[in-house]
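Remarks on the structure that follows.
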């Protein structure tokens, strides 16, 4: 046989072991189109039913066209006003004409919007509208003063000019206890008007304390579940998931009964001799902690349990065999392995706690309400959608910040027991 018929082992092109490698097909093949067709309906549903409504609500934090819609001539006439001198008769005539022709619903919305920035503006605007509609020949700045003498206040005209833009920073500044001053600068509101920064800090502190308590309670529970036999694991997981089958309102209301002065908790403590008189456990911070920890503990247990079940037991045994002490084996071998589960459980618990509304409302006092309470108040009672949206935007910003921090958490830990 000739040398040409003998394959050369050193020549990789002359040898082919196994089946031939499949060449990558062109992008956008039939399988990719099928995948996109399956994913697209779910994506559209997510955008239409979840993203779009949230975006619409958050837009109210910066978009407020009520005054522009109701008083278009006035807004245009005040564009060149220098805000330091009384408005001209042309501006007054534009306002009178707008008040005469404005739709009552649009005028009411504009009056409510102006009243947010200056108390009493709503009553003055509606009163002026009634007066100028009665007198058909009313014209000029003096006609407005005859209808309501408060139009002599230049601050009122400045508010009207500022609110004339469809886009505003008023709600976002108010949500952070800030205000825009007449000279255009931004500063903090007086102490008697400051509210929301305190509420935001209270919300973050409550959520942090609840997360830490849940973490300390969940760790031994998760370890017990992860170390149990498969049959017992299923039973313990069922007990952890059981609260999800009960309404949140029912669980929160049950704590109202258990924690009251003659409730089961105080009665048991009195009979055991631990206390001599009932302890106030409800409508205060203690009750809020108890209720929130009870509700949120499963959200911490599940991720940590899942992380613990994935850690081989041989790792800790190997650490002990190499001379590591129990604390060193825990902190340098075991905890790095379950750290992603701890981070996920802490983030999940914190995020859910930040947005809680029902439990603090039922169990807490006036000084224990969280940011979600004020969002609900401005949505349902005062119907101030702009401020409710601004507070929601602050809450979303906090959530995005936490998500960004969580993205920095390493997904896998290393073992350093041998060092």
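The values are calculated or read from the model by the stated rules, or taken from the named source; none is laboratory data. Computed from a predicted structure; not experimentally measured. Glycine also receives a Cβ, built like all others from the backbone with ideal geometry; neighbour counts cover every protein chain displayed.
Residues of the range 327-339 being more than 19 Å from residue 226 (Cα to Cα) and in contact with a helix residue (DSSP H, G or I) (Cβ under 9 Å, 6 or more places away or on another chain), which ones? First the steps, then the outcome.
Step one: of the range 327-339, the residues more than 19 Å from residue 226 (Cα to Cα) are 327-328, 332.
Of everything in the range 327-339, those that are more than 19 Å from residue 226 (Cα to Cα) and in contact with a helix residue (DSSP H, G or I) (Cβ under 9 Å, 6 or more places away or on another chain) turn out to be 328, 332.
Would a scan of the range 39-55 turn up a residue that is within 19 Å of residue 166 (Cα to Cα) and either out of contact with any helix residue (DSSP H, G or I) (no Cβ under 9 Å at 6 or more places or on another chain) or at pLDDT below 90 (or both)? Yes: one or more hits. Cβ-Cβ contacts under 6 Å between residues 6 or more apart (or on different chains), taken from a first residue in the range 250-263 that is farther than 12 Å from residue 281 by Cβ to a second residue that is buried (at least 16 other Cβ atoms within 10 Å of the Cβ), are listed as 252/291; 252/358; 252/359; 252/362. Inside the range 180-221, residues that are touching a residue at least 40 places away in the same chain (Cβ under 8 Å), within 27 Å of residue 401 (Cβ to Cβ) and over 23 Å from the mean Cα position of the chain (by Cα) make up a count of 3.
Counting the residues of the range 162-187 that are modelled with pLDDT of 90 or more and part of a helix (DSSP H, G or I) gives 6.
Report those helices (runs of 4 or more DSSP H) wholly inside the range 300-359 carrying at least 1 residues which are within 30 Å of residue 378 (Cβ to Cβ) and either in the same structural domain as residue 205 (by TED's automatic domain parsing) or modelled with pLDDT under 90 (or both). Spell out the reasoning first.
Working: elements: 313-321, 326-329, 335-354.
The helices (runs of 4 or more DSSP H) meeting that bar are 335-354.
Residues of the range 46-71 being free of Cβ contacts under 8 Å to residues at least 12 places away in the same chain and over 20 Å from residue 387 (Cβ atoms), which ones? Result: 46, 47, 48, 49, 50, 51, 52.
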